[in-house]
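*Asks:* One structure, as structure tokens, below. Some questions next.
Computed from the coordinates by the stated procedures, all read-outs in this text should not be read as laboratory data. Computed from a predicted structure; not experimentally measured. Don't worry about glycine lacking a Cβ; one is built from the backbone with ideal geometry, like all the others, and counts go over all protein chains shown.
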Amino acid sequence: GKELADHLVGQTPWQGKPGWGQREVKLLCTVFDLASTDLATIAKAKWRTGAPANVMLRVVSDMTEALKCLHACGIAHGDVKMANVLKIGEGYWLGDFPALTRATTKMLTNDPICSTLINTGKRMLANDMWGFGLIIMS
């Protein structure tokens, strides 16, 4: 991620002089390892009768850790759903972070949305737990 950030805000190659090309760029990006797929896609393709127990234990463990870290910082993800659980290596990562750009990002999901999000229009920690519950129930 640092190399990308340096490239985005650093010198432009054609100016070549120290100090030239330095500019403030208001850009927020999150960089993840390359995911092979997401949980929703795997579920549709392979698990018509339910996920294997060892996979669900891993998903629950990894998502619990991800949400614990976010919530400890007071950050609500805002769109916890199977399509946002990325398969990376042997683990499952929570991706697609609308909370990072909450000032400008609208909720675009067509998936079920927690009633508190509909009623208040706010991303709340409880909404994440509701989405996590849907993942577990799926």
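*Asks:* Output the peptides 68-75, 128-135 sorted from most to least packed, where packing is the average of other Cβ atoms within 10 Å over each peptide's residues.
*Replies:* In descending order of packing, they fall as 128-135, 68-75.
*Asks:* Return the distance in nm (one decimal) between the two label points of a simple spin-label model at Lys68 and Glu90, each offset 7 Å from Cα along Cα→Cβ.
*Replies:* Spacing of the two 7 Å Cα→Cβ label points: 1.9 nm.
*Asks:* Sticking with this structure for a sec: Just grab the label-to-label distance for Leu34 and Ala83, each label 7 Å out from Cα along the Cβ direction, in nm (one decimal).
*Replies:* 2.3 nm
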